[in-house]
Amino acid sequence: MTRVVQGAVVCVLSMLLAATAIAQEARGTIQGRVTDESGGVVPGARVDVTNVATGVVTDTNSNEQGSYRVPFLIPGRYRVAVSLNGFGRFQSPDIEVHVADVLTVDAILPAGQVTDEVTVSAAPIAIDRSSASLGQVVDARRIAELPIREGSAIELVILAPGVANTTNLRSRKAAFNNGLSQFSSDGAGEKRNDFTIDGVANVAGDRVAYSPPSAAVEEFKIQTSTYDAGIGNAMGAAVNVVTKSGTNRLTGQVYEWFRGSGLDEQDFFDKAAKRPKRDYTDNRFGAAVGGPILRNRTFYFANVEVNPFEVPTPAVLTVPTERMRGGDFSELLALGPQYQIFDPATTRPHPSQAGRFVRDPFPGNIIPANRLSPIARRILEYYPLPNQGGTADGGNNYVNPTSVADETYYTVTTRVDHSLTSRHRIYGRYSWDFWEESKNNLFDNAATGIVLNRKNRVLGVDDAYTWKDNLLTNVRAGYTRQLFPERRQSQGFDVAGLGFSPALTGLVDPAQATFPNVSIGGYTPLGTWESGDGFFTTDVYNAHTSLMWLLGNHNVKFGTEYRHYVEHASRYPTAISPTLTFNNQWTRGPIDNAAGAPRGQDLASFMLGYISGGSMSRAADYTERSGVLSFYAHNDWRVRSNLTVNLGLRYEYERPLTESRDRMISGFDQSAVLPISAAAEAAYARSPIAEVPAQSFRARGGVLYPDTGGPNAAWEGDRNNFMPRAGFSWQPFTATAVRGGYGLYYDALGPNRISVNQTGYSRVTSVVPSLDNGQTFVATLDNPFPDGLLDPVGSGLGAFTNAGLAVSFPYVGQVRTPHTHRWSMGVQQELPGLFLAEVTYVGGYSANLTVGRDLNAVPGQFLSTSPVRDNATNNFLTQQVANPFAGLLPGSGLNGGTVARTQLLRPYPHFSGVSALETNGTSDYKALQARVERRMAGGITLQAGYTWSKTMTETEYLNAFDAQLHRVIGAFDRTHIFVTSGIVELPFGQERRWGKQWSTLADTVLGGWQVSFLLKQQSGPPLGFGNYLLKPGMTVDDIPIDGRDITRWFNVDAFERAPAQQLVSNVRTT
């Protein structure tokens, strides 16, 4: 078979064979070609690749094309020796293999005896001759010695060009997996990356699950654009951490890292406000040990780390003033009439405007003491008094001077490697951690504060076997579990002590009861949570198989991967205490739809005991399942000594999300006839509005469950997820590589992005304050749920579930898996001084991104097109008209005698909201990425990267009724990103340039020092102003100001900030 025909056959097989790959290969590969001095290939040469630290030897033989390939090499230093009778011996003794490296070591055998030897030294860093993939290797030296702020190696993903930090300067400790996951790679978006440890899945939802201590990490690589078909499961970057393994030498370390307020400068804002420095300590310590169990065969490594620490939590809060607590709001009225508070007890029909209501002001803005709610007064005792000036109307008037979060974190990771033979190696690793956080105790009492826990368990095993010189297999399996419980610190709180009615306190188990969640507009809420009391666990089962076949100049890989995702959750914050909200609905005026005051009216509603909304629930747990099955075929074809072509095809099928007992809303029937349909449509026909003819009014449509005609899964499986990959690396000159590639990458739709909706099995009872627009009140602060709580009915109500309230279901329309096309073209160049430079253009286009869709929006033709507030339209739309659902929807705000006109204009007027996700969003990315790197040599390692990029997205509707998406600068666009890091050994000491004759004491004190640094700078996120208006005569050019400072970064006076002038019921155009 000729070389051309052979190449064509291999390429076809690479695309057609139905087996696929390991998602990420944690180890490196050494490959090459053996030739004689005339350039002729040398088949049958023995190749020994020896790990210098462990002594483990992997051997193979060159094939008929002189090619060899040795994969599955753990990162470290290797020696390559090539020999054959009749030739001299070739040796390259100092080759650094890093995670996911594919290094080319060509051997030229001289004529002579095997005892003759030619030694070739490898450069510390060289151009990539085997692929076009982009990314950044972070080696052991950098992990150990760069100034990582929080001790987690994954912090260093920021070193890679194209990686944007998408959050603030928050802590990125191992315990805080959210912060570690908040980055975007090549415009793919936040939390669209995949994480593995030693090639085993390391994810919990859309985040990294476990972050091993730096002492346990050998190195890691972030691959931002990879054209290897073996890598998938994400649209963004692939981050693969490799843990340390033992060697023939017994080594260990004990370490201590301390940070505390005594070493810090005072916080900028505390200093400006003349507040004392916040006390805290952060003490991270641990020990690691590794060594041989059997020399050259079996090795162990173990690491223990403990980190008790505190995190200062400065927050500027808003609390009621002393006068307000007594009902005196006159200090607000002194600022202007917009702060006038109106009396809900005077609400009555407008004398001249049908469907409108009016109310009278409180004289002097003072509420009589006998009108104040005793419950509100008791709750107010949990608010401290202001301790700083704040704004003129009392905002930002409190800071807790001692607020800190108390944290505890500890972890253990262990690993054992064993070499059965020179062609058969196995390893196993187990990692475990525990984190507890007590935080958000803003007022140092039962009204605030939560306790979070997280526990990770991560197991991985691997078996690599060489069947013969050109045929290797790898089998890998792993299991990752994350348990995440949460509780409010007030658990067991005596709700009756606040004065609530027994009708409320009897709804909750006293042992579980917490301080109520009280939310007052314009003021810091009480009784809050983060994810909610309860827990959830994520389990990821991961299995990989792969086969590598070296055929001539082709290295063909086949394999398969399966990830099985299980999430079990039981969150019940509103089952153990009520949520009570207070806004200005009942205290604004003089007309009921007047603009609200900037502050004060919400608090007045609370003090009067007039609730605006809230809820309690009967909660159910759920267990949701999904999975991704992947197949791949990939061929690395070394066409010539200076040209390698990469061709591959990957296929992924995501098994749609299901709930283990089918307890989920899975769809929506737009024309479902409900028990109330006939009565509601008949009632409407008796009193229609002009905008909707009686024959056009329909009260139909509702949710579907798997047992009421809905699908069994959250969406219909997408079987079209084929992902071609192609790349090349061409070396026109010895020190130059021109590289380019294209790849298609798919994201997930399931548990990493959504959770099942169990409405019906979990039942929410909403607070319904009034059925007649505040003329009388059904629910009060004393007894928010006079009719008790609704019991769960499962799917028993069918499409009628939640009628009168809001409903949602997973996806609407044709569902396609989000994906991104990515391509690149660039040049690598080796430079003098052991530097490598690279400049690359990277482009990307993403499609089928998820977009939230309001399916019950008021049609646009009824809204105002005025560029300013249109009170006439607002009055018309909010006018109360006859309610066709009166008495038909108990437990909802749509059960009264009248309803706002807008409700009857909606497609589904019997629901307050209907929402789902669409998969029609897009984004595009273009960037110039550059980097310069020098790996450690001569006591110096340096790295710098720069990215100049632009991301545009279409992932939201400007107006809920719009048919087309709104194109804007992407939320994670960061135009300029610069990063640099380095380690420089100072040339003083017995083993350095100067000081070789120093005494031991002098060397201990003065020798062996080094300087390390790390810097990242990037542009800020795009700034949006939402619904704000510019004042007449102002343009965007009036927003920037000269001499800006931290208190005034732009010209706020360019905006119209008066509440009475804000847009409402307007069509947005920009």
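The values are calculated or read from the model by the stated rules, or taken from the named source; none is laboratory data. Keep in mind that what you see is a predicted model, and the values were worked out from it rather than measured. Note: ideal-geometry Cβ built from the backbone for every residue, glycine included; neighbour counts use all protein chains shown.
Tallying residues that are touching a helix residue (DSSP H, G or I) at 6+ places or on another chain (Cβ under 7 Å) and surrounded by fewer than 17 Cβ atoms within 10 Å (Cβ to Cβ) within region 277-321 yields 3. Of all the numbered requirements in (1) free of Cβ contacts under 8 Å to residues at least 40 places away in the same chain; (2) crowded, with 19+ Cβ neighbours inside 10 Å, residue 39 misses one, and that requirement is (2). Yes or no: residue 322 in contact (Cβ under 8 Å) with a residue 24 or more places away in the chain, out of contact with any Gly (no Cβ under 7 Å at 6 or more places or on another chain) and of a type in the set (Asp, Glu)? Judged against the criteria, residue 322 is a match. Checked against (1) polar (S, T, N, Q); (2) at pLDDT 90 or above; (3) over 27 Å from residue 943 (Cα atoms), residue 1027 passes all but a single condition, namely (2).
Restricting region 858-879 to residues that are surrounded by fewer than 20 Cβ atoms within 10 Å (Cβ to Cβ) and of a type in the set (A, V, I, L, M) leaves a set whose member that is nearest to residue 1056 (Cα to Cα) is 868. For region 222-279, residues that are of a type in the set (D, E, K, R), closer than 30 Å to residue 189 by Cβ and not in a loop (DSSP other than H, G, I, E, B) total 0. Taking the criterion of being at positive phi and surrounded by 16 or more Cβ atoms within 10 Å (Cβ to Cβ), would at least one residue in region 322-337 satisfy it? Within region 322-337, one or more residues are at positive phi and surrounded by 16 or more Cβ atoms within 10 Å (Cβ to Cβ). The set of residues from region 949-989 being part of a strand (DSSP E or B), more than 24 Å from residue 1023 (Cβ to Cβ) and not aliphatic (A, V, I, L, M) comprises 980, 981, 982, 985, 988.
For residue 214, state whether it is under 14 Å from the mean Cα position of the chain (by Cα) and crowded, with 23+ Cβ neighbours inside 10 Å. Judged against the criteria, residue 214 is not a match.
Does residue 167 meet the test of being within 23 Å of residue 955 (Cα to Cα) and either in a loop (DSSP other than H, G, I, E, B) or polar (S, T, N, Q) (or both)? Outline the logic, then answer.
On the way: within 23 Å of residue 955 (Cα to Cα): yes; either in a loop (DSSP other than H, G, I, E, B) or polar (S, T, N, Q) (or both): yes.
For residue 167, the condition - within 23 Å of residue 955 (Cα to Cα) and either in a loop (DSSP other than H, G, I, E, B) or polar (S, T, N, Q) (or both) - is met.
Looking only at region 903-947, filter to residues that are in contact with a helix residue (DSSP H, G or I) (Cβ under 8 Å, 6 or more places away or on another chain) and of a type in the set (A, V, I, L, M, F, W, C); which one of those is surrounded by the fewest Cβ atoms within 10 Å (Cβ to Cβ)? Of everything passing the filter in region 903-947, 905 is surrounded by the fewest Cβ atoms within 10 Å (Cβ to Cβ). Scanning region 659-690 for residues that are without any contact (Cβ under 8 Å) to a residue 60 or more places away in the chain and within 19 Å of residue 761 (Cβ to Cβ) yields a total of 3.
If you go through region 235-254 one residue at a time, do you hit one that is under 30 Å from residue 390 (Cα atoms) and in contact with a Phe, Trp or Tyr (Cβ under 7 Å, 6 or more places away or on another chain)?
No, there is no match, as no residue in region 235-254 is under 30 Å from residue 390 (Cα atoms) and in contact with a Phe, Trp or Tyr (Cβ under 7 Å, 6 or more places away or on another chain).
Taking into account only those residues within region 43-88 that are among the hydroxyl-bearing types (Ser, Thr, Tyr) and assigned to a strand (DSSP E or B), which is surrounded by the most Cβ atoms within 10 Å (Cβ to Cβ)? Steps first, please.
Initial filter on region 43-88 (among the hydroxyl-bearing types (Ser, Thr, Tyr)): 50, 54, 58, 60, 62, 67-68, 78, 83.
Subsequent filtering for residues that are assigned to a strand (DSSP E or B) retains 50, 58, 60, 67-68, 78, 83.
Numbers: 50: 19, 58: 23, 60: 23, 67: 22, 68: 28, 78: 26, 83: 19.
Result: 68.
Just to verify a result, which residue in region 474-500, among those that are buried (at least 17 other Cβ atoms within 10 Å of the Cβ) and over 33 Å from the mean Cα position of the chain (by Cα), is farthest from residue 780 (Cα to Cα)? Applying the filter and picking the extreme gives 493.
The C-beta contact set for region 545-569 (first residue more than 21 Å from residue 423 (Cα to Cα), second residue buried (at least 20 other Cβ atoms within 10 Å of the Cβ) and among the small types (Gly, Ala, Ser), distance under 6 angstrom, 6+ apart or interchain) comprises 553/67; 561/23; 561/630; 563/201; 565/626.
Within 22 Å of residue 33 (Cα to Cα), crowded, with 22+ Cβ neighbours inside 10 Å and modelled with pLDDT of 90 or more: does that describe residue 132? Write out each step before concluding.
On the way: within 22 Å of residue 33 (Cα to Cα): yes; crowded, with 22+ Cβ neighbours inside 10 Å: yes; modelled with pLDDT of 90 or more: yes.
Yes; evaluated as a whole, the condition is true for this residue.
Do any strands (runs of 3 or more DSSP E) lying entirely in region 825-922 carry at least 1 residues that are touching a residue at least 12 places away in the same chain (Cβ under 8 Å) and under 32 Å from the mean Cα position of the chain (by Cα), and which ones are they? Even if it seems obvious, please write down each step before you answer.
On the way: elements: 835-854, 880-882, 898-900.
Per the criteria, 835-854.
Looking across region 89-107, the residues that are out of contact with any Lys or Arg (no Cβ under 8 Å at 6 or more places or on another chain), within 24 Å of residue 136 (Cα to Cα) and part of a strand (DSSP E or B) come down to 102, 103.
If you go through region 552-568 and keep only what is surrounded by fewer than 20 Cβ atoms within 10 Å (Cβ to Cβ) and among the aliphatic types (A, V, I, L, M), you end up with just 566.
In the list 579, 537, which residue meets the criterion of being surrounded by fewer than 20 Cβ atoms within 10 Å (Cβ to Cβ) and polar (S, T, N, Q)? If you could, list the steps in order and put the result at the bottom.
Numbers: 579 fails: surrounded by fewer than 20 Cβ atoms within 10 Å (Cβ to Cβ).
One residue alone meets the criteria, 537.
Of the residues in region 513-535, how many are of a type in the set (Gly, Ala, Ser) and either without any contact (Cβ under 8 Å) to a residue 24 or more places away in the chain or out of contact with any helix residue (DSSP H, G or I) (no Cβ under 6 Å at 6 or more places or on another chain) (or both)? Talk me through it step by step, then tell me what you get.
Our first condition is that a residue be of a type in the set (Gly, Ala, Ser); within region 513-535, this holds for 513, 519, 521-522, 527, 531-532, 534.
Then drop every residue that is not either without any contact (Cβ under 8 Å) to a residue 24 or more places away in the chain or out of contact with any helix residue (DSSP H, G or I) (no Cβ under 6 Å at 6 or more places or on another chain) (or both), which leaves 519, 527, 531, 534.
Qualifying residue count for the region: 4.
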